[in-house]
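J.: I'd like to ask some things about the structure below.
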Amino acid sequence: MSPLERNGAFHHLPFTVRKVSHIMATESHVNPFTVAQAQFDRAAAKLNLHQDMRAMLREPKRELIVHFPVEMDDGTLKTFTGYRVQHNLNRGPGKGGIRYSMEVSLDEVKALAMWMTWKTATVGIPFGGAKGGVICDPSTMSNRELERLTRRYATEISAIIGPYIDIPAPDVNTGSREMAWIMDTYSMHNGYPIPGVITGKPIEIGGAEGRGSATADGVVMCIDKAVEHLKMDIQGARVAVQGFGNAGQIAASLLHQRGARIVAVSDTHGGIYSDAGFDPDSVQHFKHEHQQANKRGTVVGFPGTKEISTADVLEIDCDILIPAAVENQITGENAGRIQAKLIAEAANGPTMLEADDILFKRGITVIPDILANAGGVTVSYFEWVQDLQRFFWDLDETETRLRKIMTAAYDHVAQMAAQHDVDLRTGATMLAIARVARATELRGVYP
Ligand code: NAD
């Protein structure tokens, strides 16, 4: 029995409480690379892309699998598996985060790498797409174990990363601390500081002002454009956020500051709901305090809210929904019950193809991941430029340049979508594929 059923509280909630665990288990096994390729096929067909070009772009250029030992604190050795995939490098060096999770798989990394290619092309920054990950559960590891794992993984993939080859960044369960270790490891191998090998670093060692909030900033900039188009208002809008981490928590905070009402948020442990809304900064504080106390930091239990499941957050009565957790959350099964008018994908790959069709038919606008969350990679691009030049900008300059890139990208995507009468995802993917295909054509096929 769910806590809601126990409390007899669910009749107060603006959605139907269901047993979703079996549904989520099935859907979460959908291969993200199959989803990424299906999205590609759809956009490539709309573009009438030549079959040879389709064959080239629908597979990654390079896939590296590494198995490596790490000494644990008790003196034993544990062997971990990691990946680095470069999907396409025709427009510039690879760019994409590193994820630590037990769910990491080669196909997940391949999908994420492909999405990075389209993302950097959608916002028009000179990178290709790449991604990395290690199968591990950081919540069960000490800081020293994580440091040894990170440094060894960085060493294993160092043959194919570098400031002019492939520049990793943070993703789920990695942050500025891991990026500092990777920068240090790579620099020690070469004998001098090479900050441009990685982005998302602490400011003190070549990080950029504004990188921490960049993904959420970009999400909110896209929401600004969409609400203008939909004649909605951020002030007073009801917002639900699935995933209360770097992207989701900061997006909630920024929208709250703008007068939106945050009614539901969730993390891996569950979700919370309040019709009156709550202050996401206080929720973050609450989560942090619990993390200090028992290592299980969660939003669940925040005073004045009701506990709901993490899947229920998606179906709550709200105006704006921000999936900011993991892939395959909005499915053919639950898309019909989504109540938001606008979905802004802070997460990568949260919506499955059949869900896209249902949402499009229902008139729900989806700002796709490759546009909505591109603020992160755009400020990573700024960080890389600053590292190469050893010349650093202030926050104002970062924000002004970010807004310029995000709003232009939104306009280009909306134009493409309107021209071909497709949803924003297909419009964005078409725009991106056309740019990557053109770069490939111009460079020609070697040798
Ligand atoms: P994070 O680790 O900081 O936060 C992830 C959050 O999602 C955590 O609160 C976690 O508890 C929660 N979560 C995980 N699985 C969940 C599930 N099944 N249901 C509900 N909540 C769940 O990670 P992040 O950096 O915020 O990344 C989140 C998403 O945004 C990922 O898809 C990532 O690829 C994407 N993204 C992040 C950035 C960035 O700069 N951080 C940039 C672009 C895209």
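J.: Looking at segment 230-268, which of the residues that are surrounded by fewer than 16 Cβ atoms within 10 Å (Cβ to Cβ) and touching a residue at least 40 places away in the same chain (Cβ under 8 Å) is nearest to Pro303 (Cα to Cα)?
T.: Ranking the qualifying residues of segment 230-268, first place goes to Thr268.
J.: Something else now. For segment 385-409, how many residues meet the condition of being open to solvent by less than 30 Å² (accessible area, probe 1.4 Å) and within 16 Å of the ligand (Cβ to nearest atom)?
T.: Summing the residues that are open to solvent by less than 30 Å² (accessible area, probe 1.4 Å) and within 16 Å of the ligand (Cβ to nearest atom) in segment 385-409 gives 4.
J.: Tally time: how many residues in segment 354-375 are in contact (Cβ under 8 Å) with a residue 60 or more places away in the chain, in contact with a helix residue (DSSP H, G or I) (Cβ under 8 Å, 6 or more places away or on another chain) and more than 16 Å from the ligand (Cβ to nearest atom)?
T.: 3
J.: Check off (1) in contact with a helix residue (DSSP H, G or I) (Cβ under 7 Å, 6 or more places away or on another chain); (2) surrounded by 24 or more Cβ atoms within 10 Å (Cβ to Cβ) for Ala113 and give me the number that stays unchecked.
T.: (1)
J.: If you take the residues of segment 292-335 that are more than 11 Å from the ligand (Cβ to nearest atom) and within 19 Å of Val30 (Cα to Cα), which of them is most open to solvent (accessible area, probe 1.4 Å)?
T.: This residue is Glu333.
J.: A further question on this structure: Pick out the one residue from Ala113, Ala159, Ala154 that is within 24 Å of His412 (Cα to Cα) and either touching a His at 6+ places or on another chain (Cβ under 9 Å) or more than 12 Å from the ligand (Cβ to nearest atom) (or both).
T.: Of Ala113, Ala159, Ala154, the one residue that is within 24 Å of His412 (Cα to Cα) and either touching a His at 6+ places or on another chain (Cβ under 9 Å) or more than 12 Å from the ligand (Cβ to nearest atom) (or both) is Ala113.
J.: Out of the strands (runs of 3 or more DSSP E) lying entirely within segment 44-111, which hold 2 or more residues that are farther than 30 Å from Gln419 by Cα and small (Gly, Ala, Ser)?
T.: 94-101
J.: Name the one entry in Ala355, Ala347, Ala409 that is within 15 Å of the chain's Cα centre (by Cα) and either of a type in the set (A, V, I, L, M) or farther than 18 Å from Ala252 by Cα (or both).
T.: Of Ala355, Ala347, Ala409, the one residue that is within 15 Å of the chain's Cα centre (by Cα) and either of a type in the set (A, V, I, L, M) or farther than 18 Å from Ala252 by Cα (or both) is Ala347.
J.: Only one residue in Ala428, Ala409, Ala417 is among the small types (Gly, Ala, Ser), closer than 18 Å to Ile343 by Cβ and in contact with an Asp or Glu (Cβ under 7 Å, 6 or more places away or on another chain). Which one?
T.: The match here is Ala417.
J.: Consider segment 117-132. How many of its residues are among the aliphatic types (A, V, I, L, M), in contact with a Lys or Arg (Cβ under 9 Å, 6 or more places away or on another chain) and either open to solvent by 10 Å² or more (accessible area, probe 1.4 Å) or assigned to a loop (DSSP other than H, G, I, E, B) (or both)?
T.: Here the count works out to 1.
The values are calculated or read from the model by the stated rules, or taken from the named source; none is laboratory data. Small disclaimer: the values here were computed from a predicted structure and weren't measured. Glycine gets a Cβ as well: all are built from the backbone with ideal geometry, and neighbour counts include every protein chain shown. Only protein heavy atoms, including side chains, enter the accessible area calculation; ligands, DNA and RNA are left aside. Shrake-Rupley method; radii C 1.70, N 1.55, O 1.52, S 1.80 Å.
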